[in-house]
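The values are calculated or read from the model by the stated rules, or taken from the named source; none is laboratory data. Bear in mind the structure is a predicted one, so any value in this text is a computation, not a measurement. Neighbour counts are summed over all protein chains in view; Cβ atoms, including those assigned to glycine, are modelled from backbone coordinates with ideal geometry.
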Amino acid sequence: MTVKVIIFDFDGTVADTFDAIVNITNRLAHEFGYKQASPEDILRFRNLTSREIIKQSGVSILKLPFIMKRLKFELNNQIDLLRPIPGIKEALLELNKESNKLGIITSNDKTNVISFLRNNNFPEIFDFIYSGTTLFGKSKVIDKFLKQNQLKREEIIYVGDETRDIEAAKRSQIKAIAVTWGFNAKEVLASQKPDFLIDHPNELISVIQELQKLAQIKD
């Protein structure tokens, strides 16, 4: 079956928000009662799964929704400073040119995504932008999208930079492309066994082309 929709995570996959998120979460540490992350902590966290990071960070699960809400608000204040991952815009434009349907599913705020795309002169290449309400709720958003649009799971592929993105794709029974230019390190992403693991945005084009060729052979 031909891939019809490519879903992208936003933070770390399309937008280079790594430094901004680290700075904001450290700034909120005293207010929400957790320890600031040192450069050594950040390096260690990049080699852990998303669930392991939460366990080791000392963040209260009960406070997570409030922290996420503040994080989105603070990111909005810095949205003019955020830039795309080098090479991602060109890759997205090429994928769009090849008649792929592109979308974003993110735990960030939809208004942040729209502002970022406008500030960085992205053309209107995304067919949809969905914002999830929980840190590990992307699979529910994906399932809802599939149902609303009457799409088959083999027609979808999800692109993300964290282990929770791979986890969401597996729960929704769709293919996952893990990218190494975001938050999680290559080794921990590989340990989650995504369908593809890539190091540069231009590899997205060859992966999708490969999948389309395989689908044509099967058909």
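Worth pointing out:
- All positions within the range 61-85 that are surrounded by fewer than 13 Cβ atoms within 10 Å (Cβ to Cβ), without any contact (Cβ under 8 Å) to a residue 60 or more places away in the chain and not charged (D, E, K, R): 61, 62, 73, 77
- Verdict on residue 142 being in contact (Cβ under 8 Å) with a residue 24 or more places away in the chain, within 24 Å of residue 212 (Cα to Cα) and outside any helix (DSSP H, G or I): no
- Tallying residues that are free of Cβ contacts under 8 Å to residues at least 40 places away in the same chain and either outside any helix (DSSP H, G or I) or surrounded by 14 or more Cβ atoms within 10 Å (Cβ to Cβ) (or both) within the range 24-41 yields 10.
- Checklist (1) in a strand (DSSP E or B); (2) closer than 14 Å to residue 11 by Cβ applied to residue 68, failing item: (1)
- If you go through the range 171-187 and keep only what is at pLDDT 95 or above and in a helix (DSSP H, G or I), you end up with 186, 187.
- Residue-level check: of (1) part of a helix (DSSP H, G or I); (2) in contact with a helix residue (DSSP H, G or I) (Cβ under 8 Å, 6 or more places away or on another chain), residue 154 misses just (2).
- Residue check, residue 193 free of Cβ contacts under 8 Å to residues at least 60 places away in the same chain, over 16 Å from residue 9 (Cα atoms) and outside any helix (DSSP H, G or I): yes
- Condition met for residue 27 (more than 19 Å from the chain's Cα centre (by Cα) and basic (Lys, Arg)): yes
- Filter result for residue 161 (crowded, with 18+ Cβ neighbours inside 10 Å, at negative phi, touching a residue at least 12 places away in the same chain (Cβ under 8 Å) and not hydroxyl-bearing (Ser, Thr, Tyr)): yes
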